[in-house]
Amino acid sequence: MWRCVLSIAPDTESPVLSAIGLGGNLGHPRQNMANALREFDARQDCRVRAVSRLYRTPPWGKTDQADFFNSCALIETQLAPEALLDLCLSIERGMKRVRIERWGPRTIDIDVLTYGDREIHVEGLDVPHPRMVERAFVLLPLSEIAATMTVAGKTVAAWAALSDATGIEVADDSSDWWR
């Protein structure tokens with residue numbers, strides 16, 4: 001049963017800072033993630049405010065596939081949470097994302113990790129992302145740009161310190177890799 005903790009506001013609300021996670025391991029994931037960030041930034045209702053470095057990470061969940069590239073970004077948006085999710089899914093579809101198997105290979109994956117300090121549970125959207133505190137490939141890049149953000153009672157930096165970062169390495173030391 002879904003419970004709604006937030007009544008979804010219209011797209012005219014004050015800007016909210018949202019954290020998103022990006023990843024991929026098929027085709028040109030770095031280029032796809034850069035293109036996605038540029039798509040967000042080109043919109044009137046979204047602004048990229050910070051981007052982490054780019055990481056190369058071993059696959060999680062389904063391990064018999066190529067390494068992933070991952071990054072996180074802070075997006076200031078006037079979109080309501082569900083509209084932001086719809087935008088993420090639209091960008092994925094535009095980059096030929098096909099959902100065949102859970103945790104399987106993909107050209108791009110864009111997740112809404114946080115939406116301000118709100119907790120949201122509606123069909124198709126749970127924020128904060130329910131598994132983000134279990135995933136070093138999310139926590140390491142997010143801790144670069146939002147270390148003091150609190151998720152599930154701890155800061156992102158504290159969660160990152162507890163995470164297993166085995167095999168994760170910086171693929172690009174610049175936070176401007178997407179420009």
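The values are calculated or read from the model by the stated rules, or taken from the named source; none is laboratory data. No experiment lies behind these values; they were computed from the predicted model shown. With ideal geometry, Cβ positions are generated from the backbone for all residues, glycine too; neighbour counts draw on all protein chains shown.
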Taking segment 141-167 only, how many residues are of a type in the set (V, I, T) and buried (at least 20 other Cβ atoms within 10 Å of the Cβ)? 2
Flag for A160 being more than 22 Å from F40 (Cβ to Cβ) and either of a type outside the set (S, T, Y) or out of contact with any His (no Cβ under 7 Å at 6 or more places or on another chain) (or both): yes
Scanning segment 68-99 for residues that are part of a loop (DSSP other than H, G, I, E, B), modelled with pLDDT under 95 and not hydrophobic (A, V, I, L, M, F, W, C), the one farthest from R43 (Cα to Cα) turns out to be R99
Take the residues in segment 31-49 that are touching a strand residue (DSSP E or B) at 6+ places or on another chain (Cβ under 7 Å) and surrounded by fewer than 18 Cβ atoms within 10 Å (Cβ to Cβ), then tell me which one is farthest from R93 (Cα to Cα). R49
Any chance L17 is of a type outside the set (D, E, K, R), surrounded by 18 or more Cβ atoms within 10 Å (Cβ to Cβ), under 18 Å from the mean Cα position of the chain (by Cα) and at pLDDT 95 or above: no
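Conditions (1) of a type outside the set (S, T, Y); (2) part of a loop (DSSP other than H, G, I, E, B); (3) free of Cβ contacts under 8 Å to residues at least 12 places away in the same chain, marked per residue:
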| site | (1), (2), (3) |
| --- | --- |
| T114 | no, no, no |
| H129 | yes, yes, no |
| L142 | yes, no, no |
| W159 | yes, no, no |
| A165 | yes, yes, no |
| S175 | no, yes, no |
May I ask you to verify whether Q65 is surrounded by fewer than 22 Cβ atoms within 10 Å (Cβ to Cβ), farther than 24 Å from A157 by Cα, over 14 Å from the mean Cα position of the chain (by Cα) and modelled with pLDDT of 95 or more? no
Between residues in segment 48-60 that are outside any strand (DSSP E or B) and residues that are hydroxyl-bearing (S, T, Y) and buried (at least 23 other Cβ atoms within 10 Å of the Cβ), which pairs lie under 7 Å by C-beta distance while being six or more apart or on different chains? S52/S71
Considering (1) more than 23 Å from E82 (Cβ to Cβ); (2) buried (at least 19 other Cβ atoms within 10 Å of the Cβ), say which one L113 fails and leave the rest. (1)
Unmet requirement for V138, which otherwise passes all of (1) surrounded by fewer than 16 Cβ atoms within 10 Å (Cβ to Cβ); (2) touching a Gly at 6+ places or on another chain (Cβ under 6 Å): (1)
